[in-house]
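To keep things clear, I will list the structure first and then write my remarks on it.
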Amino acid sequence: MNESPCTVNSFVTLAQNSFFDNTECHRLTTARALSVLQCGDPKGDGTGGPGYQFADEYPTVQYPPGEPALKQPVVYPRGTLAMANSGPGTNGSQFFMVYRDSLLPPAYTIFGKINEPGLVVLNKIASAGVSGGGDDGPPNTEVTITSARRD
């Protein structure tokens, strides 16, 4: 994706170095407004990363710092691949896949799209629900990235 070159470069480098191999997808959200599967944490609990962080890119960089619109939800369409973060400039290795249009502030760097076969798999994972019930937590279906490679 041309709008997020640093993010793409980081993700591809991590994948080529087997960073994502045999990692669990640790979070599924099934709420109507937020429908994502989050992965990319080597610890599997939402706290891990690659040991570095990098700046936000598209769509965040479309807004000046402090712009109120950065806090207003926008639609992240079904099929969006975006970085998870814990605030501005905290991108690392965790990412999320949107399986149903979701509302989020434009603070999550978009760096790719999921193809239709991938969305079919995401829908199966989502339809199994969240472990323990509710709409946010570990997926009921264990999801392991066995390997991630660039085509």
If you take the residues in the range 25-58 that are out of contact with any Lys or Arg (no Cβ under 9 Å at 6 or more places or on another chain) and outside any loop (DSSP other than H, G, I, E, B), which one is nearest to Arg150 (Cα to Cα)?
-> Phe54
Give the residue, chosen from Ala69, Ala82, Ala107, that is out of contact with any strand residue (DSSP E or B) (no Cβ under 6 Å at 6 or more places or on another chain) and not in a loop (DSSP other than H, G, I, E, B).
-> Ala69
Out of curiosity, is Leu28 open to solvent by 10 Å² or more (accessible area, probe 1.4 Å) and within 16 Å of the chain's Cα centre (by Cα)?
-> no
Quick one: count up the residues across the range 8-38 that are farther than 17 Å from Tyr76 by Cα and in contact with a Phe, Trp or Tyr (Cβ under 7 Å, 6 or more places away or on another chain).
-> 4
Single residue of the range 64-85 satisfying the filter (among the aliphatic types (A, V, I, L, M) and open to solvent by less than 70 Å² (accessible area, probe 1.4 Å)) that is farthest from Gln38 (Cα to Cα) = Ala69
Selection within the range 9-18 - open to solvent by 40 Å² or more (accessible area, probe 1.4 Å) and of a type in the set (Val, Ile, Thr) = Thr13
Residue satisfying condition, being outside any strand (DSSP E or B), open to solvent by 50 Å² or more (accessible area, probe 1.4 Å), farther than 20 Å from Ala15 by Cβ and among the aliphatic types (A, V, I, L, M), within set Val121, Val61 | Val61
Name the pairs whose Cβ atoms lie under 8 Å apart, with the first residue in the range 126-148 and open to solvent by less than 40 Å² (accessible area, probe 1.4 Å), the second of a type in the set (Lys, Arg), and 6 or more positions between them or separate chains?
-> Ala126/Arg100; Gly137/Arg27; Pro139/Arg27
For the range 1-15, which residues satisfy the criterion of being of a type outside the set (Val, Ile, Thr), in a helix (DSSP H, G or I) and touching a residue at least 40 places away in the same chain (Cβ under 8 Å)?
-> Pro5, Cys6, Ser10, Phe11, Leu14, Ala15
Looking only at residues in the range 86-104 that are part of a loop (DSSP other than H, G, I, E, B) and open to solvent by less than 40 Å² (accessible area, probe 1.4 Å), which one is nearest to Phe11 (Cα to Cα)?
-> Ser93
What number goes with the only condition from (1) under 15 Å from the mean Cα position of the chain (by Cα); (2) within 16 Å of Thr7 (Cβ to Cβ) that Val61 does not pass?
-> (1)
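The values are calculated or read from the model by the stated rules, or taken from the named source; none is laboratory data. A quick note: this is a predicted structure, and the numbers were derived from the prediction, not measured. Every residue, glycine as well, gets a Cβ built from its backbone with ideal geometry; the counts of neighbours run over all protein chains shown. Protein only, heavy atoms only, side chains kept; ligands, DNA and RNA dropped before computing areas. Shrake-Rupley method; radii C 1.70, N 1.55, O 1.52, S 1.80 Å.
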